[in-house]
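*Asks:* This is the structure, below, for whatever I ask next.
The values are calculated or read from the model by the stated rules, or taken from the named source; none is laboratory data. Keep in mind that this is a model prediction, so the values were computed, not measured. Cβ placement follows ideal geometry from the backbone for every residue including glycine, while neighbour counts extend to all protein chains displayed. Surface areas here come from the heavy atoms of the whole protein model, side chains and all, with no ligands, DNA or RNA. Shrake-Rupley method; radii C 1.70, N 1.55, O 1.52, S 1.80 Å.
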Amino acid sequence: SASRGLATAFLSARRLGHVVFKAQCRRPKLAHKTQSVQLSRFARKDPDDPGPFDEESLKFDFGWSPENEGLDESVGESDEFEDDMGRRIREAKNLEMGIDDEDDREWEPKPARNYALTIPEGTCAGCGIILQSARLGEPGYLPAEKLEPSTPQGEDEDASESPSLICQRCHRLRNYGVQSLKDPELRPGLSHFEELKPEAFEDLLAVVSKKRCVVVTLIDIFDFHGSLLPGLKQIVGGNPLLVAVNKVDLLPGDMSVDRVKHWVLGECRDFAALDRVRLGDVHLVSARTGLGVGGLLDKARALAKQRGCDIYVVGAANVGKSSLLNRLADLDGGQAAGTKRSKKGKVQGKAPKKRGITTSSLPGTTLSFLRMEVGENVALVDTPGLILPHQLTAALNPEELRAVIPNKKVEPTTLRLAEGKVALLGGLASVELAEGRPFFFTFFHAPDVTLHATKAEGLEDFLRAHTGSLLKPPFEAARLEAIGELVEHLIPVDGAGWKEASCDIVLSGLGWFSITGAGPCTVRVRAPRGTMVVQRDPLMPFEAKATMGKATGGRIVKKPRKKKTGDGGRAQWASAFVPSKKKKKRPG
């Protein structure tokens, strides 16, 4: 009878989306009294209802008690174990969702550990450059009195936890922001100083292939092809490679982990010829929230321990490498959260005690290797980000950089474009249906970039008249000339139907848009000279219907999207495994 009761309980729980099955037991083979089934948010009647569970409705009495089994009720009443069948069900669901069972718990943000930066004497603790006091205004400058070991920079700092000596450049970035670096000579890619030239960063990374190490390449999901290093295969050499895709927390909440991981794997093999990368080497992470960081570190550290080596984190500028290390050690590399600025831009209030690697929206903030011990005789090494000229961000000023780099969840917008209509992404790019029947264009970009639909006729005059007001960024019409003329790209597209997008078109550094429709068409894209424009398989092909917008005057109006559960989309992913209840038709 006990076996039949357990079988009945399992089938009932399975129909309700059973995740964890807990039973109070006296002996390993006998369960007693009332057994409870705990349901996750997957099993709610209304998946969008964030309210509490009704625990009374989740209890199932299987009809036996300690009395009729001759058992002592007090024995084993507090003992709980996870039913083996429940564990196997969870493993199967995780496998379908593309999450390894051993890494499932690592998908959630993990508490930071007490890791420490190891900074050689005489180097900046923020960017890694060698400190000097002889040449004011050059990289690594610090006043001579600050270089004295007995004079710490900042009060209440524990030198054993966070080295205090930072260069003047890092000091300005941390306390005044990127707008304080008005001198282009301190910006990599624009400076004539040898330490800040892109070639110097490439020379630094050239040694990675000669070292015995584990390589983690960090890629920005919002600029995947633009931030995927062109020479990554040569940089890695014969070392094992893990692919970490950052900022996934900013994607729409109904994304599919399995789809995104397979998409990343395919693009790595097709676009970068990384044939040795396997699905288990792809990790979706968020350096901002810690999402997936624990699983990435555990796998990288296990490989490094096995090989007796360190871990090197490589990638393009501004993908979040330094933020990733700061997240691991609970350090702050930029402006303290919640602080205010005075009219002159100076941070008001007390800065955090623990300061880590300097972070900012400025490409090339890190200038040399920075080492962090992560336990088990393994170190994580941050490397300078490579300045890639095909990224639009290389031509933008600090204010424009903050606008185009997304820092909160991106909500895509879909517009219906016919011949003669054009969509503008600020004053930086335009998208036009040059030939063909009307199509749906779904745009994925930072919230601070304005999307505007207008007529294609007289486009240049419209840009000059409205850039800085209706169209942002740039925030001044005079910046159009500095950024460069818009170069035209004609891209043929074959529609795959109205249910899913046929392709994405990427504007490196600005975002991408997907195209949904039937039949052939030609798309005309205008972007600043040198900006990478590439066609690829769609990352999120099913967004058009749910994100339709309508151009009304100077703004886009969208229908409210269905409320998500706020769990990063996991409830939506799991809903595919919960059987839906079919409504019975009433007679007559």
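*Asks:* With every protein chain present, what is the per residue accessible area of the range 174-230 (1.4 Å probe, Å²)?
*Replies:* Working: 2370 Å² over 57 residues.
On a per-residue basis, 42 Å².
*Asks:* Let me ask something additional. Given a 1.4 Å probe and the protein chains all in place, what does the accessible area of Arg169 round to, in Å² to the nearest 10?
*Replies:* For Arg169, solvent-accessible area is about 10 Å².
*Asks:* Determine the order of Arg536, Arg288, Arg307 by accessible area, beginning with the largest, at a probe radius of 1.4 Å. Walk me through the numbers before you get to the answer.
*Replies:* Working: Arg536 15, Arg288 145, Arg307 65 Å².
Final ranking, largest accessible area leading: Arg288, Arg307, Arg536.
*Asks:* On to the next question. How large a share of the accessible area of the range 445-485, in percent, is made up of carbon and sulfur atoms when the probe is 1.4 Å and the other protein chains stay in place? Could you put the intermediate results ahead of the total?
*Replies:* Values: 1070 of 2270 Å².
Accessible surface attributable to carbon and sulfur in the range 445-485 totals 47 percent.
*Asks:* Then there's this: Nearest 0.05, what FRET efficiency do Glu145 and Val207 give at R0 = 45 Å with Cβ-Cβ as r?
*Replies:* 0.80
*Asks:* At 7 Å along the Cα-to-beta-carbon direction for both Ala496 and Gln132, put a label point, then send me their distance in nm to one decimal.
*Replies:* 5.4
*Asks:* Normalised by the empirical 2.2 N^0.38 Å for globular proteins, what value does the Cα Rg of the range 401-523 take? The partial results should precede the final answer.
*Replies:* Values: Rg = 14.3 Å, N = 123, 2.2 N^0.38 = 13.7 Å.
Its radius of gyration relative to the 2.2 N^0.38 Å reference: 1.04.
*Asks:* With every protein chain in place, what's the accessible area of Glu202 (1.4 Å probe, Å², nearest 10)?
*Replies:* Here the residue's solvent-accessible area equals roughly 100 Å².
*Asks:* May I pose another question? Give me the distance in nm between label points sitting 7 Å out from Cα along the Cα-to-Cβ direction at Leu470 and Lys455, one decimal.
*Replies:* For the pair Leu470/Lys455, the computed spacing is 1.2 nm.
*Asks:* I would also like to ask the following. For Glu376, tell me the accessible area in Å² from a 1.4 Å probe, rounded to the nearest 10.
*Replies:* For Glu376, the solvent-accessible surface is approximately 100 Å².
*Asks:* Using the structure shown, select from Lys210/Lys321; Lys210/Lys247; Lys210/Lys261; Lys247/Lys421 the pairs with a Cα to Cα distance greater than 24 angstrom.
*Replies:* Among Lys210/Lys321; Lys210/Lys247; Lys210/Lys261; Lys247/Lys421, the Cα-Cα distance tops 24 Å for Lys210/Lys247; Lys210/Lys261; Lys247/Lys421.
*Asks:* Per-residue counts of other Cβ atoms within 10 Å, averaged by peptide: what ranking do you get for 405-417, 432-444, highest first?
*Replies:* 432-444, 405-417
*Asks:* Further question on the same structure: I need the calculated FRET efficiency for the pair Ala518 and Asn377, taking r as the beta carbon distance and R₀ as 60 Å, to the nearest 0.05.
*Replies:* Details: r = 59 Å, r/R0 = 0.98.
Plugging the Cβ-Cβ distance into 1/(1 + (r/R0)^6) gives 0.55.
*Asks:* Sort 268-276, 255-263 by the packing proxy (mean of other Cβ within 10 Å over each peptide's residues), most packed first.
*Replies:* On the way: 268-276: 14.7, 255-263: 18.2.
Highest mean packing first, the order is 255-263, 268-276.
*Asks:* Which of the peptides 186-197, 128-139, 211-222 is most tightly packed, and how do the rest follow, going by the mean number of other Cβ atoms within 10 Å of each residue?
*Replies:* Top of the packing list down: 211-222, 186-197, 128-139.
*Asks:* Hey, another quick one. Apply the a/c threshold of 1.5 to the C-alpha gyration tensor of the range 164-303 and tell me whether it is rounded, prolate or oblate. Don't skip to the answer; put the middle values down first.
*Replies:* Working: a/c = 1.92, a/b = 1.43, b/c = 1.34.
Prolate, because a/c is 1.5 or more and a/b exceeds b/c.
*Asks:* Which sequence of Ile119, Ile311 reflects their accessible areas, 1.4 Å probe, from the largest down? Please report the intermediate quantities before stating the final value.
*Replies:* Working: Ile119 35, Ile311 0 Å².
In descending accessible area the options line up as Ile119, Ile311.
*Asks:* While we're on this one: Using the basic label-point model (7 angstrom from Cα toward the beta carbon), what is the Thr118 to Asp275 distance in nanometres?
*Replies:* 3.7
*Asks:* Using 13 Å as the cut-off for backbone N distance, which residues of the range 467-501 belong to the label zone defined by a point 7 Å from the Cα of Glu399 along Cα→Cβ?
*Replies:* Of the residues in the range 467-501, 468-469, 472-480 have backbone N under 13 Å from the label point off Glu399.
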